[in-house]
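Enquirer: Before we start, here is the structure in question, set down as structure tokens.
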Amino acid sequence: LGDDGAFLGYVGSVIDITDLELGDCFTEPSGDLVERLVRVDCAGPHDAEVYAVVKLPSSPTYPGDDTVESQADQVCTDASTAIDDSLLPGSATIGYFFPAEENWSSDDATAWCYIATDDEPLVGSVRR
């Protein structure tokens, strides 16, 4: 991933995960601990789109990886009604980003929910 945003043929802006906003489209990164990704124009081909940005339950201390992942999974599943299924290719899946322990803040515990596809790119928004 270069600073110019060129990654696997996609051109966009390299941003931190925490800078994602509702409706942003991006190139889905690989790996477990993702901090940066390439935000691209939704009008062109893309791997994923943020369909919800949701606050997680507040906790003064980090509740643990399994708990935070479970909370993110639940809030993103609940928010998936924002996706227009008729606009999705066959193999779209829900994904999410959530804060790691070193980034935990009870006031800003956020899950970024996205829909992604591996087989054919998304073009345009898939949100209702």
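The values are calculated or read from the model by the stated rules, or taken from the named source; none is laboratory data. Just so it is clear, the structure is predicted and the values come from calculations on it, not from any experiment. Cβ coordinates were reconstructed from backbone atoms using ideal geometry, including for glycine residues, and neighbour counts include every protein chain displayed. These accessible areas exclude ligands, DNA and RNA; they are computed on the full protein's heavy atoms, side chains included. Shrake-Rupley method; radii C 1.70, N 1.55, O 1.52, S 1.80 Å.
Enquirer: State in Å² the accessible area per residue of the stretch 45-128; use a 1.4 Å probe, count heavy atoms of protein chains only, and round to the nearest integer. Please report the intermediate quantities before stating the final value.
Expert: Numbers: 4420 Å² over 84 residues.
Counting only protein heavy atoms, the per-residue value for the stretch 45-128 is 53 Å².
Enquirer: Also: If you roll a 1.4 Å probe over the chain with all protein chains in place, what percent of the accessible area is carbon or sulfur?
Expert: On the way: 3220 of 7090 Å².
So the carbon and sulfur contribution to the accessible surface is 45 percent.
Enquirer: Please pull out the direction-averaged projected area of the stretch 27-74, using the convex hull of its alpha-carbon atoms, in nm² to one decimal place.
Expert: Across all orientations, the stretch 27-74 yields a mean hull projection of 4.5 nm².
Enquirer: Which of rounded, prolate, oblate describes the stretch 54-128, given a ≥ b ≥ c as roots of the alpha-carbon gyration tensor eigenvalues and a/c under 1.5 marking rounded, otherwise prolate only if a/b is larger than b/c?
Expert: On the way: a/c = 2.89, a/b = 2.41, b/c = 1.20.
Prolate, since a/c reaches 1.5 and a/b exceeds b/c.
Enquirer: On a 0 to 90 degree scale, rounded to 10, what angle separates helix 65-79 from the longest Cα axis of the chain?
Expert: Here the helix axis deviates by roughly 50 degrees.
Enquirer: Taking the highest mean first, how do the peptides 49-58, 95-104, 13-22 order by number of other beta carbon atoms within 10 angstrom per residue?
Expert: Values: 49-58: 18.2, 95-104: 16.1, 13-22: 14.5.
Final packing ranking: 49-58, 95-104, 13-22.
Enquirer: Across bins of 10 angstrom width beginning at 0, how are the C-alpha pair distances of the chain distributed, in whole percent?
Expert: The calculated distribution, bin by bin, is 13, 44, 32, 10, 0.
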